[in-house]
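Trainee: My structure is below; once you've seen it, I'll send some questions.
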């Protein structure tokens with residue numbers, strides 16, 4: 001499992017585009033719980049990566065019942081990104097599981113509030 | 001030359017069976033008999049920055065005219081006839097008239113004609129002619145592509161083509177209400193949509209923003225508009241409209257997709273405005289020179305299986321203007337990353353509306369300000385929809 005990247009590695013991930021941070025998703029599983037770490041902007045370009053990881057978790061034979069999606073290192077999320085979160089939690093619940101959001105920053109919280117989807121997620 | 005009535009009758013009769021490309025030649029033949037020479041017919045481009053002449057073989061090619069900073073543009077902006085003297089005429093009686101080409105309240109362009117300004121009847125006659133021309137342009141447009149293409153300054157995305165085909169006329173005005181909407185980027189719109197209908201004393205209105213980009217967002221928006229119209233035409237309540245759109249979006253587009261929006265109903269007799277906010281930026285209400293921030297409890301967007309728990313309810317006063325908009329407006333970013341923001345939008349609404357322009361011009365100015373903030377390079381669709389209630393009259 002990839003370990004938590006240190007802040008200087010985040011800095012090295014920047015491309016030539018000003019303000020751009022490489023998007024990455026990491027997964028760690030244990031104790032019936034999967035923790036998915038998202039790093040970088042969750043927009044329409046990054047969304048397929050997260051969707052693929054969540055889909056792997058959802059469909060695994062030994063799928064954990066609870067997924068913690070850590071978005072603490074995401075500063076921006078667009079509607080496509082939010083769609084992946086919404087689809088993820090709904091799919092997990094259909095299979096008897098659940099997903100919670102960890103550490104959304106103020107701008108992510110605002111997006112959740114404006115769109116009314118706070119009622120869809122437990123935030124930890 | 002027959003009487004005025006004879007000439008008008010002949011023009012009206014001839015207008016039934018013509019091809020859209022023959023509108024200009026037909027007018028060029030008939031208008032001189034009504035005292036109007038040197039006809040030029042312009043249509044506004046989709047972004048309402050230029051008046052573009054309808055090209056016509058055998059007629060002189062003309063330059064496009066800017067809507068800002070020209071007499072022709074002034075006629076368009078103010079929706080009034082603008083008159084200029086012909087400098088080449090020593091007698092000083094020859095006048096050039098720029099008459100707004102308006103279908104109902106929808107601004108299409110400008111008709112320019114040269115007349116004998118000493119004849120008092122000619123100004124009203126030019127306005128009458130413009131009324132006939134406007135209904136010809138709107139009526140004939142679907143039968144060819146020339147009029148559609150005249151209004152375009154570049155190729156249109158497939159997603160945007162789909163969306164424009166499904167939009168209602170951008171402006172409506174009667175004694176009680178005025179409605180005017182703008183969508184940008186005009187050639188690339190995808191997920192943003194609005195629709196409205198006036199049935200009896202109820203104005204039904206919807207603004208929608210389908211998530212994502214491109215063709216998929218455009219398809220979602222179009223489907224939602226079709227569901228809205230279909231359900232509305234069965235006389236269903238606001239809650240019922242919400243549920244219909246919600247269910248179709250979920251059934252067709254799956255678990256990862258949603259549309260935010262607002263569904264509103266204004267009673268034009270009482271001024272009571274009710275709306276459901278489906279995860280969408282809340283509207284603002286301009287009363288006098290103050291923007292009232294209306295608190296609304298959002299339900300979740302369409303497609304997520306929510307049940308609206310509350311309907312927002314507001315008693316409008318005559319003259320109130322409600323501004324609905326999509327998130328692309330407040331979140332428009334300037335070159336240095338500064339967002340347009342609600343406070344700036346509210347301030348702009350107060351300042352722009354104070355000028356006393358027609359509502360369509362207020363919408364145009366607001367839209368251009370949002371575009372200017374981001375150097376005309378939009379990251380997301382931005383839609384503005386104004387609804388003004390003037391009282392029951």
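Bear in mind that the values in this text are calculations on the coordinates, not laboratory data. Quantities reported herein were computed from a predicted structural model and do not represent experimental measurements. Glycine gets a Cβ as well: all are built from the backbone with ideal geometry, and neighbour counts include every protein chain shown.
Trainee: Considering only the stretch B:346-364, I want to know if a residue exists there that is under 27 Å from residue B:73 (Cβ atoms), within 14 Å of another protein chain (Cβ to nearest Cβ) and part of a loop (DSSP other than H, G, I, E, B).
Mentor: There is no residue in the stretch B:346-364 that is under 27 Å from residue B:73 (Cβ atoms), within 14 Å of another protein chain (Cβ to nearest Cβ) and part of a loop (DSSP other than H, G, I, E, B).
Trainee: Can I ask one more? For residue B:320, only one of the following conditions fails: (1) touching a residue at least 40 places away in the same chain (Cβ under 8 Å); (2) more than 23 Å from the chain's Cα centre (by Cα). What is its number?
Mentor: (2)
Trainee: Of everything in the stretch B:217-266, what is surrounded by 15 or more Cβ atoms within 10 Å (Cβ to Cβ), more than 27 Å from the chain's Cα centre (by Cα) and not in a helix (DSSP H, G or I)? Give them in sequence order.
Mentor: Result: B:255, B:256, B:257.
Trainee: Determine if the stretch B:301-324 includes at least one residue that is closer than 14 Å to residue B:182 by Cα and in contact with a helix residue (DSSP H, G or I) (Cβ under 8 Å, 6 or more places away or on another chain).
Mentor: Checking the stretch B:301-324: at least one residue is closer than 14 Å to residue B:182 by Cα and in contact with a helix residue (DSSP H, G or I) (Cβ under 8 Å, 6 or more places away or on another chain).
Trainee: Going by the conditions given, is residue B:151 within 19 Å of the chain's Cα centre (by Cα) and buried (at least 24 other Cβ atoms within 10 Å of the Cβ)?
Mentor: When the stated conditions are applied, residue B:151 does not pass them.
Trainee: Only one of (1) part of a helix (DSSP H, G or I); (2) over 16 Å from residue B:39 (Cβ atoms) is not met by residue B:102, so which one is it?
Mentor: (1) is the only condition that residue B:102 fails.
Trainee: Are any residues in the stretch B:268-292 within 14 Å of chain A (Cβ to nearest Cβ) and outside any strand (DSSP E or B), and if so, which ones?
Mentor: Selection gives B:279, B:280, B:281, B:282, B:283.
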